[in-house]
Amino acid sequence: MRSSVPKVLQPICGRAMVGLVADALRGAGLDDLVAVVAPGARGVGEAIGGCVSPVEQAEQLGTGHALAQAGALLAEHRGHVLAINGDVPLVTPATISALVNRHESTGACLTILTCDGPPSHGMGRVVRDDNGAVAAIVEEADLDARSACSAEANAGVYCVQSPWVWSALSGLPTAPNGEVYLTSLVAEAVRQGHAVESLCVSDASEALGVNDGVQLDRAREAMRRRINDGWRLRGVSVMEPAYIDVAVEIGEDSVLYPNSFLQGRTSVGKGCAIGPGSMVTDSSIADGCRILNSVVEGAVLEEGVDVGPFSHVRPDSHVETGVHVGNFAEIKNSRLGRGTKMGHFSYVGDSWVGAGVNIGAGAVTCNFDGVDKHRTIVEDGAFIGSDSMLIAPVRIGAGASTGAGSVVTKDVPPGARVAGAPARIIGRGSPSELREA
Amino acid sequence: MRSSVPKVLQPICGRAMVGLVADALRGAGLDDLVAVVAPGARGVGEAIGGCVSPVEQAEQLGTGHALAQAGALLAEHRGHVLAINGDVPLVTPATISALVNRHESTGACLTILTCDGPPSHGMGRVVRDDNGAVAAIVEEADLDARSACSAEANAGVYCVQSPWVWSALSGLPTAPNGEVYLTSLVAEAVRQGHAVESLCVSDASEALGVNDGVQLDRAREAMRRRINDGWRLRGVSVMEPAYIDVAVEIGEDSVLYPNSFLQGRTSVGKGCAIGPGSMVTDSSIADGCRILNSVVEGAVLEEGVDVGPFSHVRPDSHVETGVHVGNFAEIKNSRLGRGTKMGHFSYVGDSWVGAGVNIGAGAVTCNFDGVDKHRTIVEDGAFIGSDSMLIAPVRIGAGASTGAGSVVTKDVPPGARVAGAPARIIGRGSPSELREA
Amino acid sequence: MRSSVPKVLQPICGRAMVGLVADALRGAGLDDLVAVVAPGARGVGEAIGGCVSPVEQAEQLGTGHALAQAGALLAEHRGHVLAINGDVPLVTPATISALVNRHESTGACLTILTCDGPPSHGMGRVVRDDNGAVAAIVEEADLDARSACSAEANAGVYCVQSPWVWSALSGLPTAPNGEVYLTSLVAEAVRQGHAVESLCVSDASEALGVNDGVQLDRAREAMRRRINDGWRLRGVSVMEPAYIDVAVEIGEDSVLYPNSFLQGRTSVGKGCAIGPGSMVTDSSIADGCRILNSVVEGAVLEEGVDVGPFSHVRPDSHVETGVHVGNFAEIKNSRLGRGTKMGHFSYVGDSWVGAGVNIGAGAVTCNFDGVDKHRTIVEDGAFIGSDSMLIAPVRIGAGASTGAGSVVTKDVPPGARVAGAPARIIGRGSPSELREA
């Protein structure tokens, strides 16, 4: 892959490739996973998640050698083993289940998954005998004219009897490059007179193997399409292109306009409008929210919040019902109370803001003094005038108001009006009177 | 559709699906429209627009039953009736005309529109007799092996003799689910010995029926492609993806960079550059404008205006020739005069700004006092210093200037220089002298 | 094309169409270029670049007439001439080389490039005799039923013997519209008993001719796909859609998220993350940079700079290692020193900013006095408080700090603390003490 990230850890729709493979296995009820990994391939276990037994393949001597490494762990296992490459991210639980069913119902020694149609680069081809029975798999590099014509390719998923497989693996031939291929198991089974069955997957994209960056792109596009169509059938209006991670949840009647990114552990409620051009990551968005051309990360938005265009809600922000966040607004590690309005360019950081507050254009919570970050508290119904600088730590009392351009260095009592730099109390009452100052 | 929006009202390129169907009929000269709608399906008449007679189908008893509801209205009609489903949004006027021509020139009792190629989910199939004549339409649910093989599908558009059709409808069979299908009309005509003709549409996408969210997406993509290619042939450079509503007009030599959205009743002049990442809605953009990565809604931009990146022109704004709106600028319900510059983050709302004005970074028209919105007037040639707060209602006279950080609470006479918070007159002359204050 | 831009100058991935053709020729070792251009077609020579001899075709009398205009220049040339239309932008050096090789190895008089598959609009078709030898090319407008069936189209690339070609051109027939077609050269060679060979290009998109806006779009998409796949195979993770100009360089392990635009002479280092929604033009981006949803033009970013979302780095900016540019920040014609932070909405223009500086939210370098632009200097370790207005020309000394909302009209000595409007020195020490002012 010419990348410092191992192939099976390359992300596809927010999940490492090998994690998608593991998800498909678990979805088919196969929970007893063994991962054969190269030494130092950190992160594979974490990517798979849950219960998985790691086995190290000290030398990279091919797929057959890799499976053999699991032998010590599984030698006593009586039944079947499903071996799958970590680079077939699009295989589905339904296909895995169908393969296992075929294997069990036929009583075969070995059952392989195949696919029709133009094989992608790197896939071995299935060779059948005159009766149509599987005879062997030929690696792409070894294709002769006849097998090259075969459009039936090996998808890299094998269901095989245990413990037979462990002895068979030790008898596989070694290729000139020193590797032992798992694909040779087919010919070995045939040689021993065992039955080899196959299942041809109906959607060839499930068998897409990822061996280079172009195939990774195609796998991403196919997975993206599958996820998007899935949401479309569940009442979400998804306009292309949309980028929805596998772990995301979306409610009915929500609309994703083009270039919406829903990433990580994000949930979106019903009747929301996201995008165009919005990126929502690890956030919880309640019903009826509108997020236009904005970035929301690690935040909670309650019902009916509207954001954007061009705003940025940063981690640890909690925005209550009906808050209006307009354009060029930045919120970080803060809570905004019900119905508060923050319509224009301004910055609220490390703050607790009550309900019904108005935050004027250009207002800033000056949370950083060059050394430490401090908190700002704005109580219910306060009116923060345009360009007000709130020098934290500071508290603006309920119903208080600050004049445009004021620099607030001290707490403001409830109901007071302040103005100036530094701000001083100039009275009480509605902010419309501030102009008299 | 698993949506609270009725299927035929789902939007495609800015127009409800059923409105696109009606547009195609009108484009073919069929102006006498009757819409059969379910009770409570508000909005269908409005979506169709113009003259349309609504007829209510009290119970949802199938397409044949639906057409029969129009019988009372059309029983006296001698000639032909064209019946079309509301969910075939891609059919063109040319195809409708061709179908009518085929029907009239052959003198058939019934002429149906069909399409070749892999039928999409939900389409009935055409069954022909040994002579190739249309014999029946089989619903997808009732397909047997033989008719399933037929790649010729029913597009859901019928041209039929009136008043024959009204009596024939009453004789159609009722399906086990209690519905009467319009497709049964074909077999009924054949049974009565009448001629049934067909026209096969050359572009299968025209026959795309929308029965679920995935098909809705495909219809959107097909319509989008059709609109974009249409503009490409008229001298507009449209880069994918672009989202152009059906009602939009664009002049020659304009370039739409990727992710341009032209929505609603928007017109764009010649030689404009829109995008990437710009959303223009219900706006009039004159020749030679440049809108980069910005949102423009309900606004008028005169010639040669440039906006962006990351600016927001809100409704009821009128921006005169040669105005420069830079980054992070917000304009709402305001007029900006010829050649005015607003280059940086700032907010102009509820304002009248003259020609040749310079609006500095961070300047704000403080239009809201917590209770009401007020207007700001800035006369020609004024210089609004950075971070000036203009507390509305307020007027800045022609050629006047405000110092950086000033808070202007009273009108400023023409030519005066003001500074401070609250701002006081400190002299006359060029703003470069403000630094002496 | 219905455009004021000549067809061959229409841009494709940042390069004029004819420039791409010239690049393919040079890539195949053909450096001796002659361009036949219409009078007044400015820019073709510049688009081709390097050494090229321009020849004017005074009247637009067809492709055969065009080539004949080069006759005076090449009449003495003994060997071969490769004639190519300027509107086949996707042809590759490998194909040009293969065509020349076929021509030279067969000793043919004329060798043409052809392509299989459904020909695009405007392509002539190849007619072969009963032995399979090329007999003629028929223009699309003159296709009869038989040649219309031919799926082998003329790609518009000819390798031909010189000086034979010059006399042959003079003998070509004139079409009813007064034009002489280069395609007639095939029949002429056959008529004279000379051998005509052909090479069929394996990737039909290479032969895509551009005759209208729709084909221009298809050419852009094909080139974009080719460029993106090329980077994918070189270790760059390119997510669709990405828009990478032909002259761009990108290092391994960089990730381009969707809607990344890398334009003009831009280089991106290793391990960068660009996008989604970022536009980088004519800029140099070092290793490990992160640019999210931002616009960078004509700038240099050193290692590990992070920008965005929603920021704008304008021309002649140089941002040193480890600088943090947050949201809504604008930098123009300025240098920012190592590790400086500019996290929020603010504007730095015409400035030199040292290392370790903190620039607060809403801070502005007031560089324009209504007449001239002036420079701001901020020395190492200074702390620019939120909403500070720095009235240029002005210098903030090393380690100095400005209070929130201060208007700095005079130079600030190193280590001093200033506040107020206009700002006055209020002490020394850490900015946290500014709140006491």
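The values are calculated or read from the model by the stated rules, or taken from the named source; none is laboratory data. No experiment lies behind these values; they were computed from the predicted model shown. Neighbour counts are summed over all protein chains in view; Cβ atoms, including those assigned to glycine, are modelled from backbone coordinates with ideal geometry. Heads up: the accessible areas ignore ligands, DNA and RNA and are worked out on the full protein's heavy atoms, side chains in. Shrake-Rupley method; radii C 1.70, N 1.55, O 1.52, S 1.80 Å.
Okay, here's what the table says:
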| quantity | calculated |
| --- | --- |
| Among the residues listed as C:290, C:232, the single one being open to solvent by 10 Å² or more (accessible area, probe 1.4 Å) and among the basic types (Lys, Arg) | C:290 |
| Matching helices (runs of 4 or more DSSP H) fully within segment A:1-80 where at least 1 residues are touching a Pro at 6+ places or on another chain (Cβ under 7 Å) and either open to solvent by less than 30 Å² (accessible area, probe 1.4 Å) or polar (S, T, N, Q) (or both) | A:17-27 |
| Segment C:293-304, subset farther than 16 Å from residue C:316 by Cβ and small (Gly, Ala, Ser), residue least open to solvent (accessible area, probe 1.4 Å) | C:294 |
| Among (1) surrounded by 23 or more Cβ atoms within 10 Å (Cβ to Cβ); (2) within 19 Å of residue A:25 (Cβ to Cβ), the one test that residue A:101 misses | (1) |
| Selected residue [touching a strand residue (DSSP E or B) at 6+ places or on another chain (Cβ under 9 Å) and open to solvent by 20 Å² or more (accessible area, probe 1.4 Å)] from A:116, A:142, A:130 | A:116 |
| Residue in segment B:314-333 that is surrounded by the most Cβ atoms within 10 Å (Cβ to Cβ), counting only those that are on the phi < 0 side of the Ramachandran plot, outside any strand (DSSP E or B) and in contact with a His (Cβ under 7 Å, 6 or more places away or on another chain) | B:327 |
| Number of the exception - residue A:254 against (1) in contact with a Leu (Cβ under 8 Å, 6 or more places away or on another chain); (2) crowded, with 19+ Cβ neighbours inside 10 Å | (1) |
| Segment A:297-324, subset acidic (Asp, Glu) and touching a strand residue (DSSP E or B) at 6+ places or on another chain (Cβ under 9 Å), residue nearest to residue A:336 (Cα to Cα) | A:320 |
| Condition met for residue A:319 (farther than 23 Å from residue C:364 by Cβ and without any contact (Cβ under 8 Å) to a residue 40 or more places away in the chain) | yes |
| Residues satisfying the stated conditions in segment B:69-125, i.e. among the hydrophobic types (A, V, I, L, M, F, W, C) and closer than 23 Å to residue B:141 by Cα | B:83, B:84, B:88, B:112, B:113, B:115, B:123 |
| Residue among A:216, A:172 that alone is at pLDDT 95 or above, open to solvent by less than 20 Å² (accessible area, probe 1.4 Å) and part of a loop (DSSP other than H, G, I, E, B) | A:172 |
| Set B:206, B:221, B:188, B:179: member being open to solvent by 10 Å² or more (accessible area, probe 1.4 Å), among the charged types (D, E, K, R), modelled with pLDDT of 90 or more and part of a loop (DSSP other than H, G, I, E, B) | B:179 |
| Given (1) open to solvent by 10 Å² or more (accessible area, probe 1.4 Å); (2) part of a loop (DSSP other than H, G, I, E, B), index of the condition residue A:309 fails | (1) |
| So residue A:88, is it at pLDDT 90 or above, buried (at least 21 other Cβ atoms within 10 Å of the Cβ) and away from chain C (no Cβ under 14 Å) | yes |
| Test result for residue A:157, among the β-branched types (Val, Ile, Thr), under 19 Å from residue A:189 (Cβ atoms) and at pLDDT 95 or above | yes |
| Unmet criterion (only one of (1) buried (at least 20 other Cβ atoms within 10 Å of the Cβ); (2) modelled with pLDDT of 95 or more) for residue C:197 | (1) |
| Test for residue C:381: is it over 14 Å from residue C:350 (Cα atoms), open to solvent by 30 Å² or more (accessible area, probe 1.4 Å) and in contact with a Gly (Cβ under 8 Å, 6 or more places away or on another chain) | yes |
| Any hit, segment B:84-97, residues being touching a Leu at 6+ places or on another chain (Cβ under 9 Å) and part of a strand (DSSP E or B) | yes |
| Residue under evaluation residue A:285, criteria (1) within 14 Å of chain C (Cβ to nearest Cβ); (2) within 31 Å of the chain's Cα centre (by Cα); (3) aliphatic (A, V, I, L, M), criterion not met | (1) |
| Residue within segment B:215-227 that is more than 18 Å from the chain's Cα centre (by Cα) and more than 14 Å from chain C (Cβ to nearest Cβ) present | yes |
| Matching residues in segment C:1-45 - criterion: being more than 14 Å from every other protein chain (Cβ to nearest Cβ) and modelled with pLDDT under 90 | C:38, C:39, C:40, C:41, C:42, C:43, C:45 |
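Table: residues versus (1) under 28 Å from the mean Cα position of the chain (by Cα); (2) modelled with pLDDT under 95; (3) under 23 Å from residue A:19 (Cα atoms).
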{"site": "A:72", "(1), (2), (3)": "no, yes, no"}
{"site": "A:82", "(1), (2), (3)": "yes, no, yes"}
{"site": "A:93", "(1), (2), (3)": "yes, no, yes"}
{"site": "A:96", "(1), (2), (3)": "yes, no, yes"}
{"site": "A:104", "(1), (2), (3)": "no, no, no"}
{"site": "A:109", "(1), (2), (3)": "no, no, no"}
{"site": "A:120", "(1), (2), (3)": "yes, yes, yes"}
{"site": "A:128", "(1), (2), (3)": "no, yes, no"}
